1. Go through (1) in contact with an Asp or Glu (Cβ under 8 Å, 6 or more places away or on another chain); (2) modelled with pLDDT under 80; (3) closer than 27 Å to ILE93 by Cβ and name the single condition ALA168 misses.
2. Give the residue that is surrounded by the fewest Cβ atoms within 10 Å (Cβ to Cβ), with candidates limited to residues of segment 147-193 that are among the aromatic types (Phe, Trp, Tyr) and in contact (Cβ under 8 Å) with a residue 60 or more places away in the chain.
3. If you go through segment 194-218, how many residues are part of a loop (DSSP other than H, G, I, E, B), surrounded by fewer than 21 Cβ atoms within 10 Å (Cβ to Cβ) and either outside the structural domain of LEU236 (by TED's automatic domain parsing) or in contact (Cβ under 8 Å) with a residue 12 or more places away in the chain (or both)?
4. Between a first residue in segment 267-286 that is closer than 25 Å to PHE95 by Cα and not assigned by TED's automatic domain parsing to the domain that holds SER229 and a second residue that is outside any helix (DSSP H, G or I) and modelled with pLDDT of 75 or more, which pairs have beta carbons less than 6 Å apart while being 6 or more apart in sequence or on different chains?
5. Kindly list, by first and then second residue, each pair from a residue in segment 74-102 that is in contact (Cβ under 8 Å) with a residue 60 or more places away in the chain to a residue that is in a loop (DSSP other than H, G, I, E, B) and of a type in the set (A, V, I, L, M), limited to pairs with Cβ atoms under 7 Å and residues at least 6 apart or on different chains.
6. Looking at (1) touching a helix residue (DSSP H, G or I) at 6+ places or on another chain (Cβ under 8 Å); (2) modelled with pLDDT of 90 or more, can you tell me which one PRO214 breaks?
7. Right, THR157: hydroxyl-bearing (Ser, Thr, Tyr) and either part of a loop (DSSP other than H, G, I, E, B) or modelled with pLDDT of 90 or more (or both) or not?
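The values are calculated or read from the model by the stated rules, or taken from the named source; none is laboratory data. From a predicted model like this one, the values you see are computed outputs, not experimental measurements. Counting neighbours? That spans all protein chains shown, and the Cβs are built from the backbone with ideal geometry, glycine included.
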Amino acid sequence: MKTNRDIYQEVTNKIIRLLDRIGENGWQAPFAGLAAQGLPKNPTTENFYQGINIPSLWCDQQEKGFTSNQWATFVQWKKKGAQVHKGEKGSPIVFYKPLLKVEENDKGEEQETYIPILQLYTVFNANQVDGYEHNEQGTLNEIDFVQRLKAVDDFCTNTGADIRHGGAGAYYNRSGDYINIPETIAFVDTDKSTATENYYATLLHELTHWTGAPHRLDRDKAKTKSEKSKYAFEELVADLGAAFMCAQLNIVPTPREDHAHYIKNWLAALRNDKKFIFKAAAQAAKAAEYMNNLQGNEP
């Protein structure tokens, strides 16, 4: 299928313009299956985790079968009188808070600016500790708000990807080479987008991951220095790939603000170096072209 590469540049430019006005709070879950488990919460501070830590901890919760939405560090659990099980592996979170800096401008007036300070922590789920009782409950969505779009469904089918529906998590399984995504009934409307947009954006995000397998585009995630950076860069590629395909397939006319919100969090993990968005955009464009070339039409 022949596509206009300018779509990708246009989407990239719009997302870059959004980045400077996206806040770190106000993220909403795109599907109810995970939302029903409750936002990840720290039982020692009573605060909910924010930003990219929400889907990250949800994924770990789903994959490891945890029934609790409560997470805390080793030291925090100890202060609660609980003990982390020996040999348990924690989950990484990214935490950055603004550092207030006051400077004088050209007029001699004091001007406040905020500098983000990035820190990494390891947290453990309540299911991984002894000495703490937890009881979280949630209610699942009972109405399917997703409107199926045949053209988009056909596009995804034509890629030949093994797409499986079920469970509460959306992910690409590299070892099994398949995509898992919740049933459409699990997706809900949010402030920024409809359930339909959320479903297809999530599916296209995972399809972008799928294109990077060694026997496809063989996207090399080892070009960045740390494991955290490799993970963040690949997520940047997937988020941009989803934004590109949503625009191309007319799922949403302009890049959604939550695309930019995700991307801002990944850039924070990459120390706010915006050069990464251009590198990721190039890889996302290759992924989009790869999926287009699987549609059975001449490029």
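1. So the condition that ALA168 fails would be (1).
2. Here the residue is TYR171.
3. Taking segment 194-218 first, the residues part of a loop (DSSP other than H, G, I, E, B) are 194, 212-218.
Pick out the ones that are also surrounded by fewer than 21 Cβ atoms within 10 Å (Cβ to Cβ) and you get 194, 213-218.
From the residues that got through so far, the ones that are either outside the structural domain of LEU236 (by TED's automatic domain parsing) or in contact (Cβ under 8 Å) with a residue 12 or more places away in the chain (or both) too are 194, 213, 216-217.
Counting residues in segment 194-218 that are part of a loop (DSSP other than H, G, I, E, B), surrounded by fewer than 21 Cβ atoms within 10 Å (Cβ to Cβ) and either outside the structural domain of LEU236 (by TED's automatic domain parsing) or in contact (Cβ under 8 Å) with a residue 12 or more places away in the chain (or both) gives 4.
4. So the pair list comes out empty.
5. What qualifies is VAL94/ILE52.
6. (1)
7. Spelling it out, THR157 is indeed hydroxyl-bearing (Ser, Thr, Tyr) and either part of a loop (DSSP other than H, G, I, E, B) or modelled with pLDDT of 90 or more (or both).
Yes or no, residue by residue, for (1) buried (at least 19 other Cβ atoms within 10 Å of the Cβ); (2) modelled with pLDDT of 80 or more; (3) more than 18 Å from GLU206 (Cα to Cα):
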residue: GLY241; (1), (2), (3): yes, yes, no
residue: GLN248; (1), (2), (3): yes, yes, no
residue: ARG256; (1), (2), (3): yes, no, no
residue: LYS264; (1), (2), (3): yes, no, yes
residue: LYS274; (1), (2), (3): no, no, yes
residue: PHE278; (1), (2), (3): no, no, yes
residue: ALA284; (1), (2), (3): yes, yes, no
residue: LEU294; (1), (2), (3): no, yes, no
